[in-house]
Structures are given as structure tokens and as C-alpha cells.
Amino acid sequence: MKVLVAVKHVLDYNIMPRIKQDGSDVDITGNKMGINPFDEIAVEEAVRLKERGIVKEIIAVSIGAENSKDTLRHALAMGADRAVLIQTDAALQPLGVAKLLKAIVEKEQPDLILLGKQAIDDDSGQTGQMLSALLGTGQSTFASAINIKDGEIEVTREVDTGNETVSIKLPAVVTSDLRLNEPRFLKLPNLMMAKKKPIETIVASELGIDFSPRLKQTKVAEPPVRKPGVLVASVAELVEKLRIEKVLP
Amino acid sequence: MSILILAEHDGKQLKQSTRQAVTAAAVWQLPIHILVAAEHADVVAKEAASISNVARVIKVEAAHFSHPLAEDVSAVLIKLAPEYKVILGGHTALSKSVLPRVAALLDVAMLSDVIQITAPATYVRPIYAGNIFATVESSDSTQVLTVRGTSFEVAADGGNAEIIRIEAPAANTTTRWIKEEKNVSDRPELASAHVVISGGRSLGEQFNSLLDPIAHKLNAAVGATRACVDAGFAPNDIQVGQTGTVVAPELYIAVGISGAMQHIAGIKDSKVIVAINHDPDAPIFKYADYGLVADLFKALPELNAALN
Ligand SMILES: Cc1cc2nc3c(=O)[nH]c(=O)nc-3n(C[C@H](O)[C@H](O)[C@H](O)COP(=O)(O)OP(=O)(O)OC[C@H]3O[C@@H](n4cnc5c(N)ncnc54)[C@H](O)[C@@H]3O)c2cc1C
Ligand SMILES: Cc1cc2nc3c(=O)[nH]c(=O)nc-3n(C[C@H](O)[C@H](O)[C@H](O)COP(=O)(O)OP(=O)(O)OC[C@H]3O[C@@H](n4cnc5c(N)ncnc54)[C@H](O)[C@@H]3O)c2cc1C
């Protein structure tokens, strides 16, 4: 079977984002970028399914500017077979991304579509569900374990009260949570090999899809800062302070 | 036009997130309706009808709602959508799974985890693990959003809404519910507790034995870092942070927690933050109102004794 994995090129998760001087947006120029951690988990899962002989082909897809190719190369180095960049310099929002992904799904006809449960920049957590709705397939969000058999995928999902298991007919859309797996370290030879693999590029504006932003970001700001704290010398002093604050009985 | 809230419940009782969504919805000054999808909806519908400021409760009952699936719940919302200006829910696993489907099928954008609303359509929401607050405007005909519970008060009782019943669309044919494993705890709910005590992976196998007695005395919820959950010392549903639960208690006690920004994202709105860590340079001390540099294996038993 064939798996399509959506991978997003995002600001490295260790980097504290800066705001542009005019307060209009986050300034990511010159910062370290990389694959969205949840998408790395999605790619890892696809590669493991391939190693188990369940999956034949893995296609990684990213939507964005030219530099998203770095993230596609990361996916190729992990074990994806092909990579597709839907190229655009335009602002992207989940609905637009879902519509563009739908076009690729219709072309490639994968049996399974894996995404991250959220992208760590915009923290929306919408794209997978939107794609599933547009395709009319079943969905499962927050996957922490999957098992494929008899044309269905069984997914254990992390919900507010524990775990839930559902079974979905393929093709299906599944979004990965952190505990689905632990992505492998990239080996240098694999990275070198990935550099040589071709990346298919499709110009987004030529797909005839309206993916223009619906939301207008008018301002970004830093959240209010907390007042500086104090160090206490002992548990006794801590308890005393908290009683004065009236947060301890 | 009215506002529709997707109720979150366990079949017997509404979750607090539903009442917080009612408070958020009040900003539009439009009639507020609540949708209760359940196998047997009577009890929950009555509770929803008694919330102050709620005008109507819509019951939709079917066997397949005993464990609601996103595909089925979104079908109900799509059926009702033409009558509504705003469709919203708490930022819970259910709404996070359902509402993006609804938005896509209505061909509108969605706003996740909104912390502030200026009617009719300006929102503030955290991005980049809560390090940045973005102000966003939507011009879509229907507004679809989830709201962060800790940013809105819990709506009280005092209402007397009408309750109506609608037919459920047929169950979807793609997805089946198989089973659930609930982590039962007699501690208060993490998202709404007045006191939360959280541990990092350094607590190891002693996670429960060290934290539970203190949590019991303080009537506190217990939380954990992702590293601690990954190591198997705590269940996943008590993870606090960017990708876990966001908390805003009166008192947050962080024990043996480094203070990575993904964890801080979930605790910033706590009134008082206490950190216990043996490394004086741990980033958590930058966010703590009170910091104690100490070995947790010594400090926790001491704290437990001091609370007697
Ligand atoms: C008002 C506003 C203005 C914005 N302006 C800009 C801007 O100018 N430039 C800009 O870059 N961003 C901009 N953004 C951010 C951008 O909208 C989001 O990054 C984008 O909508 C995707 O949302 P998300 O990444 O949070 O998706 P989520 O739904 O959180 O992502 C879930 C999963 O979907 C997949 N996915 C998401 N996006 C992609 C992608 N591009 N390619 C492949 N897979 C993907 C991944 O698997 C990901 O794990 C703006 C956002 C808003 C609200
Ligand atoms: C995409 C993504 C999302 C994430 N989401 C979350 C999230 O939602 N929530 C979350 O928590 N994390 C999240 N993380 C992980 C996060 O980055 C950190 O790795 C994690 O919070 C660290 O957990 P920790 O503090 O328990 O462990 P560590 O980083 O190992 O820190 C242990 C701390 O304990 C202290 N310590 C050790 N022994 C003792 C002792 N005897 N006495 C006192 N102190 C001691 C150490 O000094 C250290 O500061 C996410 C990461 C990624 C990439």
C-alpha cells in the first residue's frame, strides 16, 4: 500500500520566536528551521510500516516556499521514497493547506494519509481533520499506536480521559501524537543520498485551487511577563510564604 | 442568528469546558444554544438547560453517540449550521477533532484555542507554544472556534432553557469505535483544579508515592512533563503543556521539572508557581514565584510533613 505523509517546515522547537519591529508577525529570518516534530513522528511511522512489509511506497509532501525542500530531504533521509513540494510563497492557513493536500491525494491515491496532530508554529491542529472531511474519509487524531489489517487501520488515540481505540476503513487520515514512536537519528550516508534524490515541484497557483488566507492577522505580541520570583531557603520558609499568599491551608 | 456550543460530557454530567464556552459565547450577545449528542441525553440536557444565559438545548440521541466519533458529531453540526453565526466548543479532544471538519465542510476558517474574543470576529490565540499571542480577524460567514477553558469563567446555574429534540443522521460507515481505557483518578480534574502538583521524569518510579500524599492533602490534581510520561512514570492524559493540558490553578508546584518552553506553555496563567529543583540554573526558576533549590527526594517528604 501507499502512504502519503504531510511534512511542514517550521522554526526549530528550541528557538524562542522573535516579533518583527512593527508587531505584524513573527520574524523567523535567519533562524534554524526543521521538520515539524509531529510530522517527523508521522514519517517514522510510515517508514516502520514499510520495514514491516505493509507499505510499499511513502510520498512526503510539503507546502510552502523553496526552503521546505530541507524538510522534504529530512523525510527522504528517514526513508520516504518520493518527495513533492507544492510551492508557494503565499501565506498558508489550515483550510488552504487541506485543499492543496486534497489535490495531491486525488492524484496519488494513497491508502493512508499521515499528518502531525499540530504544527508547533501556528499550533492550530486542524489540517488533518479538514483534509479528512474534504476527502470524505474516516479520521483519527492524536494517534499513539496503529495497526493495519484487512483494509482497516486500528488507531489508539490519546483523549482527555485516557486512550480510545477506533478502526477506520482505508483510505484514512491519521494524525500523530508524540507517543506514536521515537523518530530515528539520521545517518550521514542517508542524508547524502537524500540530497541526490529528486524533489517533484508543483506550483501551487497552477493547481486552480483557492487557498488564499481567510484569517487576517492584525497583530502579534508577547504575553504579559510574570513578576520576578524569589528563592527560599527551606521547605519551612516555602510553606510560610505560601500561607501568606493564602494558597496553602 | 444564534450561537451553537458543542457540549462535552460523559453521559451523566457536563464537562466544565462547556460552561466555560458559554461564558466565551456571551460576548456576542446572541441567543446561546447547546447541542447534546448522547445515547441518552436527558440528564445532561437538563443540566445544560439550567446554565444561566442559555436559550435552548438541542438533544440528539442515538446508540452511536454512546462513544461519539468526529465523523458522526460533525454531521449533526453541519445539519444545524445554516441557522448559526458561531459554532464553538472547548479546546478538548472531542471539539478539536470535530470542529475542523465542520469548518472545512462549511468552507470557512477555524480558530483553535482562543483566549480572548472581541465580537463580532476578532480573536486572540497563542501560537509558538504560547510564546506569542496573535490577534486574528475572520470575515467568514460562520465563525468556528475552540476556546481555552482556563481563559473563561465557569458559567453558573440560573437558566431555564427550552429543550428540543432532533433526529440523528445515520451513523458513518468509515469509522468504528472499538474500546476505551479510562484512567480513573479520584483527584480533581487537571484543567480546573485549584492546586496542581506536577513532577518531571526525575521522580522516576517514585512519582506516585511522592506526589500522591501531598496532592491528597491539598486536594490537588497531579500533572507531569512529557519526558515523565514518555518514560512511563505517569499516564499521558496528565501531561501539562503545549501539547498536553493547559492549567491555570491558584497554585502550581513544579517538582524536578526543567522548565522547557513546551511545559511552561501550559502553566503560565497559574497564579502562584513554585519550583523545586536541585539545579539552581534550571530554566523553571525564571518562571517561578517561589523557588527552592533542593533535592526533591528530600524536599517532598519534608513538604508532606509540613502540611500536617
Ligand atoms: C492570520 C494568519 C496569518 C498567517 N500568515 C502566515 C504567513 O504569512 N506565512 C506563513 O508561513 N504562515 C502564516 N500563518 C501561519 C499559517 O497559517 C499556518 O502555519 C498554517 O495555517 C498551517 O497551520 P498549522 O501549521 O498550525 O496546521 P496544523 O493544522 O496545526 O498542522 C497539522 C499538520 O498538517 C500538516 N501541515 C500543515 N501545514 C503544512 C504544510 N504547509 N505543508 C505540509 N504539511 C502541512 C502537517 O502534517 C502538520 O503536522 C498565518 C496564520 C494566520 C492565522
Ligand atoms: C513538539 C514538542 C512538544 C512538547 N510538548 C510538551 C508538553 O506539552 N509538556 C511537557 O512537559 N513537555 C513537552 N515537550 C518536552 C519538553 O521539551 C521537555 O523535554 C520536557 O518538558 C522535559 O521534562 P522534564 O523537566 O521532566 O525532564 P528533564 O528535562 O530531564 O529535566 C529534569 C529536571 O529535574 C531536575 N532534577 C533531576 N533530579 C532532581 C532531584 N533529585 N531533585 C530535584 N530536581 C531534580 C533537573 O535539574 C532537571 O531540571 C515537548 C517537546 C516537543 C518537541
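Some notes on this structure:
- Output for the range B:52-72, where each listed residue is surrounded by fewer than 24 Cβ atoms within 10 Å (Cβ to Cβ), of a type in the set (A, V, I, L, M, F, W, C) and assigned to a helix (DSSP H, G or I): B:63, B:65
- Unmet criterion (only one of (1) touching a residue at least 60 places away in the same chain (Cβ under 8 Å); (2) at the interface with chain A (Cβ under 9 Å from one of its Cβ atoms); (3) closer than 29 Å to residue A:247 by Cβ) for residue B:235: (1)
- Condition met for residue B:168 (closer than 20 Å to residue B:81 by Cα, within 14 Å of chain A (Cβ to nearest Cβ) and either part of a strand (DSSP E or B) or small (Gly, Ala, Ser) (or both)): no
- The range B:242-263 - residue that is away from ligand 1 (no atom under 16 Å from the Cβ) and facing chain A (nearest Cβ under 10 Å) and, of those, nearest to residue B:151 (Cα to Cα): B:249
- Within the range B:131-153, considering residues that are away from ligand 1 (no atom under 14 Å from the Cβ) and under 30 Å from residue A:225 (Cβ atoms), the one farthest from the other protein chains (Cβ to nearest Cβ): B:153
- Checked against the criterion of being at the interface with chain B (Cβ under 8 Å from one of its Cβ atoms) and touching a Lys or Arg at 6+ places or on another chain (Cβ under 6 Å), the candidates A:127, A:165 yield just one match: A:165.
Yes/no matrix, rows are residues, columns are (1) over 23 Å from residue A:248 (Cβ atoms); (2) modelled with pLDDT under 95; (3) touching a Leu at 6+ places or on another chain (Cβ under 9 Å); (4) within 16 Å of ligand 1 (Cβ to nearest atom):
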position	(1), (2), (3), (4)
B:221	no, no, yes, no
B:233	yes, no, yes, no
B:268	no, yes, no, no
B:281	yes, no, no, no
B:292	no, no, yes, no
B:296	no, no, yes, no
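- Tally of residues being assigned to a strand (DSSP E or B) and under 18 Å from residue B:60 (Cβ atoms) across the range B:80-109: 4
- Any chance residue A:62 is in a helix (DSSP H, G or I), in contact (Cβ under 8 Å) with a residue 40 or more places away in the chain and of a type in the set (Ser, Thr, Tyr): no
- Residue in the range B:176-197 that is farther than 27 Å from residue A:145 by Cα, within 16 Å of ligand 2 (Cβ to nearest atom), at pLDDT 95 or above and more than 11 Å from every other protein chain (Cβ to nearest Cβ) present: yes
- Criterion (under 19 Å from residue B:96 (Cα atoms) and among the hydrophobic types (A, V, I, L, M, F, W, C)) met by exactly one of B:161, B:119, B:129, B:155: B:129
- Scanning the range A:23-76 for residues that are away from ligand 2 (no atom under 16 Å from the Cβ), surrounded by 16 or more Cβ atoms within 10 Å (Cβ to Cβ) and within 14 Å of chain B (Cβ to nearest Cβ) yields a total of 2.
- For residue A:21: the one exception among (1) closer than 20 Å to residue B:260 by Cα; (2) assigned to a loop (DSSP other than H, G, I, E, B); (3) not aromatic (Phe, Trp, Tyr): (1)
- In the range B:266-283, residue surrounded by the most Cβ atoms within 10 Å (Cβ to Cβ) [restricted to those that are in contact (Cβ under 8 Å) with a residue 24 or more places away in the chain and within 10 Å of chain A (Cβ to nearest Cβ)]: B:276
- Filter pass, residue B:77 being out of contact with any Lys or Arg (no Cβ under 7 Å at 6 or more places or on another chain) and either within 19 Å of residue B:1 (Cα to Cα) or assigned to a loop (DSSP other than H, G, I, E, B) (or both): yes
- Subset of the range A:7-16 (residues that are crowded, with 19+ Cβ neighbours inside 10 Å and either assigned to a loop (DSSP other than H, G, I, E, B) or more than 14 Å from every other protein chain (Cβ to nearest Cβ) (or both)): A:7, A:8, A:9
- Count of the range A:126-144 residues, restricted to those that are touching a residue at least 40 places away in the same chain (Cβ under 8 Å) and within 11 Å of the chain's Cα centre (by Cα), is 2.
- Looking only at the range A:212-238, and only at residues there that are surrounded by fewer than 16 Cβ atoms within 10 Å (Cβ to Cβ) and assigned to a helix (DSSP H, G or I), the one that is nearest to the other protein chains (Cβ to nearest Cβ): A:236
- Some residue of the range B:150-163 being more than 16 Å from ligand 2 (Cβ to nearest atom), buried (at least 21 other Cβ atoms within 10 Å of the Cβ), farther than 20 Å from residue A:157 by Cα and aromatic (Phe, Trp, Tyr): yes
- Number of residues in the range A:1-21 that are of a type outside the set (A, V, I, L, M, F, W, C) and away from ligand 1 (no atom under 14 Å from the Cβ) equals 5.
- Lone unmet requirement of (1) within 16 Å of ligand 2 (Cβ to nearest atom); (2) in contact (Cβ under 8 Å) with a residue 24 or more places away in the chain for residue A:112: (1)
- Looking only at the range A:174-202, and only at residues there that are at the interface with another protein chain (Cβ under 10 Å from one of its Cβ atoms) and either within 16 Å of ligand 1 (Cβ to nearest atom) or crowded, with 17+ Cβ neighbours inside 10 Å (or both), the one that is nearest to residue A:135 (Cα to Cα): A:175
The values are calculated or read from the model by the stated rules, or taken from the named source; none is laboratory data. Computed from a prediction, not measured in an experiment: that's the story for all the values here. Note that we place each Cβ from the backbone using ideal geometry, even for glycine, and neighbour counts take in every protein chain shown.
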